[in-house]
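Trainee: I have a structure here, written as structure tokens, and I will follow up with some questions on it.
The values are calculated or read from the model by the stated rules, or taken from the named source; none is laboratory data. This structure is a prediction, so every number in the text was calculated from the model and none was measured. Counting neighbours? That spans all protein chains shown, and the Cβs are built from the backbone with ideal geometry, glycine included. Ligands, DNA and RNA are excluded from the accessible area calculation, which covers all protein heavy atoms including side chains. Shrake-Rupley method; radii C 1.70, N 1.55, O 1.52, S 1.80 Å.
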Amino acid sequence: ASRLELAVPRTANALLLNQGEAAQAFLRTALFEAPNQTLSDGQLGGLFNEAAQRGKFPALLRALEPALELPPAPGSRVRLLDPRVAKRMAVVQGRLGRHGEALALLDRLRKERPEDAEVLVAIGDLHLAKGDKDAARAAYT
């Protein structure tokens, strides 16, 4: 098993025990030691489902910060967002009422991935949640 595969259950357990810093440390260490690995959809889904069931979204957001950016491409220093992590984090931020943070994250992702329709829908959904129907309509169209 890879370091990242071992870190995910440890991260989930730390979240359940209200040990957000430990959860973040598990993921940060695993990603540092295996910089070309990223969380799978299943791993992300499991962490988000666990956090949702236990009301641990704030701790999960902190824990996932190390996984938010992908490793730079060979010969580059530019770090792009991992779209799967960024979209899920934005949804959680929106549920926590942190609409500004969620929109800033999605706006960065939209600039990096202008062809990604899911990002535009997520932006529209956030504006709708804030009650800004005009901004939501603009994002959807």
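Trainee: Consider only pairs whose beta carbons are under 6 Å apart and that are at least six residues apart or on different chains; among these, list those whose first residue lies in segment 83-103 and is closer than 15 Å to Ile123 by Cβ and whose second residue is among the polar types (S, T, N, Q).
Mentor: Glu101/Gln93; Ala102/Gln93
Trainee: Is it the case that segment 58-65 has a residue that's in contact (Cβ under 8 Å) with a residue 24 or more places away in the chain, in contact with a Pro (Cβ under 7 Å, 6 or more places away or on another chain) and open to solvent by 40 Å² or more (accessible area, probe 1.4 Å)? Working first, answer last.
Mentor: Step one: filter segment 58-65 for residues in contact (Cβ under 8 Å) with a residue 24 or more places away in the chain, giving 58-65.
If we keep only those that are in contact with a Pro (Cβ under 7 Å, 6 or more places away or on another chain) too, we end up with none.
Within segment 58-65, none of the residues are in contact (Cβ under 8 Å) with a residue 24 or more places away in the chain, in contact with a Pro (Cβ under 7 Å, 6 or more places away or on another chain) and open to solvent by 40 Å² or more (accessible area, probe 1.4 Å).
Residues are listed down the side, and each one gets a yes or a no for (1) of a type in the set (A, V, I, L, M, F, W, C); (2) over 11 Å from the mean Cα position of the chain (by Cα); (3) under 22 Å from Lys130 (Cβ atoms):
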residue: Glu5; (1), (2), (3): no, yes, no
residue: Leu16; (1), (2), (3): yes, yes, no
residue: Pro35; (1), (2), (3): no, yes, no
residue: Ser40; (1), (2), (3): no, yes, no
residue: Ala86; (1), (2), (3): yes, no, yes
residue: Gly97; (1), (2), (3): no, yes, yes
residue: Leu103; (1), (2), (3): yes, yes, yes
residue: Leu106; (1), (2), (3): yes, no, yes
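Trainee: For residues that are open to solvent by less than 60 Å² (accessible area, probe 1.4 Å), in a loop (DSSP other than H, G, I, E, B) and hydrophobic (A, V, I, L, M, F, W, C), tally how many sit in segment 13-41.
Mentor: Result for segment 13-41: 2.
Trainee: What's the number of the only condition in (1) open to solvent by less than 30 Å² (accessible area, probe 1.4 Å); (2) of a type outside the set (Asp, Glu); (3) assigned to a helix (DSSP H, G or I) that Arg10 fails to meet?
Mentor: It fails just one condition, (1).
Trainee: Taking the stated definitions as given, is Arg137 assigned to a helix (DSSP H, G or I), closer than 26 Å to Ala51 by Cα, open to solvent by 80 Å² or more (accessible area, probe 1.4 Å) and without any contact (Cβ under 8 Å) to a residue 60 or more places away in the chain?
Mentor: Answer is no for this residue.
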